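Read the structure below first, then the notes.
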Amino acid sequence: MEKMDLAILFINKIQSDISIDTKHIALYMAILFKCINAQKDKIIVDRSELMRLSKISSTATYYRKMAILNHCGYIRYYPSQANDVPTTVELKQL
């Protein structure tokens, strides 16, 4: 699916989703931006870069918003606790 179509579907879907706030939207758009630049649907996550792009200053907020986007089905979030395994995020088809 075209990434712009995915952005439009996301905006349409969140209008009725009361669990999504502006920080979720900013984080999703940062992920979408990174996916567009990488020309992939699944990217390796650089937490500090996504936080900078989405204007989130707290790591607790970042992880909470990422978990909610994952739980609500907007993304697939594959966190990694190991230093040698990268954390990845995949955009889901909406």
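Residues of region 51-62 being free of Cβ contacts under 8 Å to residues at least 12 places away in the same chain and either outside any helix (DSSP H, G or I) or not small (Gly, Ala, Ser) (or both), which ones?
Hits for region 51-62 are MET51, ARG52, SER57, SER58.
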### Query
Would you pick out the residues in region 45-55 that are surrounded by 13 or more Cβ atoms within 10 Å (Cβ to Cβ), more than 20 Å from ILE11 (Cα to Cα) and not acidic (Asp, Glu)?
VAL45, ARG47, MET51
### Summary
Among the residues of region 51-94, the number that are within 12 Å of HIS24 (Cβ to Cβ) and in contact with a helix residue (DSSP H, G or I) (Cβ under 7 Å, 6 or more places away or on another chain) is 10
### Message
Step by step: first the residues of region 39-50, then only those that are part of a helix (DSSP H, G or I) and touching a helix residue (DSSP H, G or I) at 6+ places or on another chain (Cβ under 8 Å), then the one that is modelled with the lowest pLDDT. Which residue is that?
### Response
ARG47
#### Entry: Search result, residues across region 1-38 that are at pLDDT 90 or above, part of a loop (DSSP other than H, G, I, E, B) and surrounded by fewer than 11 Cβ atoms within 10 Å (Cβ to Cβ)
GLN15, SER16, ILE18, SER19
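The values are calculated or read from the model by the stated rules, or taken from the named source; none is laboratory data. Every value quoted in this text rests on a predicted model; they were computed, and no experiment measured them. Virtual Cβ from ideal backbone geometry, glycine too; neighbours counted across all protein chains shown.
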